[in-house]
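The values are calculated or read from the model by the stated rules, or taken from the named source; none is laboratory data. What you see is a predicted model, and the numbers here were worked out from it, not measured in a lab. Cβ coordinates were reconstructed from backbone atoms using ideal geometry, including for glycine residues, and neighbour counts include every protein chain displayed. Keep in mind that these areas ignore ligands, DNA and RNA; they rest on the heavy atoms of the full protein, side chains included. Shrake-Rupley method; radii C 1.70, N 1.55, O 1.52, S 1.80 Å.
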Amino acid sequence: MALLLDVSPARPLDQAALRGALRRAGLPSTVTLSPLHRTAVRLRLHRWSLGDGAALARLESTGIAVRARPRTGAAGLAVAVFSPGAWSLAHHHVVTPEPDEPTLALIDETAPLDFRRADSGTVLLLQVDVARLALPRDVPHRAARRLRSNDALAGVVRMYLLQLATVAATAPELLPELHSGTLELVRALLLGAAGDPAADADPSRRIRAYIAEHIDDPALRADTIAAAANISVRQLYKVWAGTGTGLAEHIIALRLARARETLRTHRHLTVTAVAHRHGFTDATHFARRFRAAYAMSPTEWRAGRAPSITADR
């Protein structure tokens with residue numbers, strides 16, 4: 001373990017020492033850090049090497065502002081975990097703190113960054129050599145733009161980095177043994193967050209995928225879909241207009257199709273339970289929409305009566 005910086009009321013801040021510590025921590029000269037308060041400043045910066053260009057840094061601080069200008073050339077990428085608190089991050093998009101739990105973000109050195117923290121807290125930063133991830137050049141940058149806290153691997157990586165920091169503080173000699181596994185996990189995170197490049201060219205594909213993944217969530221609606229796609233509700237409807245179907249109708253049709261299958265495959269569930277399982281909060285509304293779509297009630301469908309109209313042929 002290397003303690004690169006230790007600032008406290010008993011050890012006043014020296015700007016030259018701060019800049020030197022940031023460089024030794026592997027941060028480029030495009031990054032600047034400044035305390036938000038002139039008194040009772042506390043800064044502790046540690047760095048541990050995992051080998052082959054990978055390192056873990058931990059910054060404990062009182063209120064700070066961190067800014068970074070875009071870097072050209074061999075720009076790097078880092079996976080960051082921010083402790084809960086009063087902070088904001090403007091990077092590819094605005095990242096907001098998770099309530100009562102750490103927040104994961106990808107830091108792309110090719111994009112400007114503005115991080116501000118008003119209270120005391122900790123930032124973990126896993127720095128990796130992008131070349132060792134064996135990914136197409138655009139994947140890390142696309143992943144940094146698109147990563148969201150509800151991505152499939154985000155929670156796994158967040159908890160892993162918290163545990164990795166514990167290993168670094170208590171048994172740093174084990175870190176090189178974790179190098180390969182750490183890179184594989186980061187690689188999987190980037191691939192998952194980057195998604196299909198065709199979805200960037202056709203935003204409706206990304207929106208459709210999000211809807212399909214969250215179709216059983218009763219809170220799925222235009223504003224939540226727009227927030228997940230990082231666009232306004234107005235933009236969402238503009239994009240969706242090209243699909244030729246209404247957004248609400250698309251959601252209802254998917255829910256009905258899934259519910260119809262569950263009625264046959266899970267006969268132990270009541271019709272109300274099936275409705276709730278697939279995003280309907282009102283069983284009467286579900287039954288009415290089911291009949292309108294399939295010309296029979298959910299109970300009749302479960303009993304095996306052939307429909308006179310097949311709505312989804």
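Per-structure values
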{"item": "Selected residue [charged (D, E, K, R), touching a residue at least 40 places away in the same chain (Cβ under 8 Å), surrounded by fewer than 19 Cβ atoms within 10 Å (Cβ to Cβ) and over 22 Å from Glu184 (Cβ atoms)] from Arg38, Arg67", "result": "Arg67"}
{"item": "Boolean, Trp240 is more than 29 Å from Arg205 (Cα to Cα), crowded, with 17+ Cβ neighbours inside 10 Å and modelled with pLDDT under 95", "result": "no"}
{"item": "Condition broken by Arg206, with the remaining ones in (1) open to solvent by 40 Å² or more (accessible area, probe 1.4 Å); (2) over 30 Å from Ala143 (Cβ atoms); (3) of a type outside the set (A, V, I, L, M) satisfied", "result": "(2)"}
{"item": "Residue that is farthest from Ala10 (Cα to Cα) [pool: residues in region 41-59 that are open to solvent by 20 Å² or more (accessible area, probe 1.4 Å) and within 23 Å of the chain's Cα centre (by Cα)]", "result": "Arg58"}
{"item": "Complete set of residues in region 150-172 that are surrounded by fewer than 18 Cβ atoms within 10 Å (Cβ to Cβ) and hydroxyl-bearing (Ser, Thr, Tyr)", "result": "Thr166, Thr170"}
{"item": "Per-region count, region 87-103, residues modelled with pLDDT of 90 or more and over 17 Å from Arg67 (Cα atoms)", "result": "3"}
{"item": "Residue in region 159-171 that is aromatic (Phe, Trp, Tyr) and at pLDDT 95 or above present", "result": "yes"}
{"item": "Unique residue being farther than 23 Å from Ala78 by Cα and in contact (Cβ under 8 Å) with a residue 60 or more places away in the chain when the list is Pro172, Pro203, Pro218", "result": "Pro218"}
{"item": "Residue within region 244-253 that is over 26 Å from the mean Cα position of the chain (by Cα), modelled with pLDDT of 90 or more, assigned to a helix (DSSP H, G or I) and surrounded by 12 or more Cβ atoms within 10 Å (Cβ to Cβ) present", "result": "yes"}
{"item": "Selection count, region 277-304, where residues are part of a helix (DSSP H, G or I) and either hydroxyl-bearing (Ser, Thr, Tyr) or on the phi > 0 side of the Ramachandran plot (or both)", "result": "3"}
{"item": "Filtered residue count, region 257-275, keeping only those that are assigned to a helix (DSSP H, G or I), free of Cβ contacts under 8 Å to residues at least 40 places away in the same chain and of a type outside the set (Ser, Thr, Tyr)", "result": "8"}
{"item": "Residue under evaluation Ile225, criteria (1) open to solvent by less than 30 Å² (accessible area, probe 1.4 Å); (2) in contact (Cβ under 8 Å) with a residue 40 or more places away in the chain; (3) under 23 Å from Val95 (Cα atoms), criterion not met", "result": "(2)"}
{"item": "Filtered residue count, region 117-144, keeping only those that are open to solvent by 50 Å² or more (accessible area, probe 1.4 Å) and touching a helix residue (DSSP H, G or I) at 6+ places or on another chain (Cβ under 8 Å)", "result": "3"}
{"item": "Test result for Leu147, touching a helix residue (DSSP H, G or I) at 6+ places or on another chain (Cβ under 9 Å), over 30 Å from Asp217 (Cβ atoms), open to solvent by less than 50 Å² (accessible area, probe 1.4 Å) and of a type in the set (A, V, I, L, M, F, W, C)", "result": "no"}
{"item": "Inter-residue pairs, beta-carbon under 9 Å, first surrounded by 15 or more Cβ atoms within 10 Å (Cβ to Cβ) and in region 92-116, second among the acidic types (Asp, Glu), 6+ apart", "result": "His92/Asp108; Leu104/Glu98; Leu104/Asp151"}
{"item": "Residue match in region 7-22 (condition: surrounded by fewer than 21 Cβ atoms within 10 Å (Cβ to Cβ), assigned to a loop (DSSP other than H, G, I, E, B), charged (D, E, K, R) and out of contact with any Asp or Glu (no Cβ under 6 Å at 6 or more places or on another chain))", "result": "yes"}
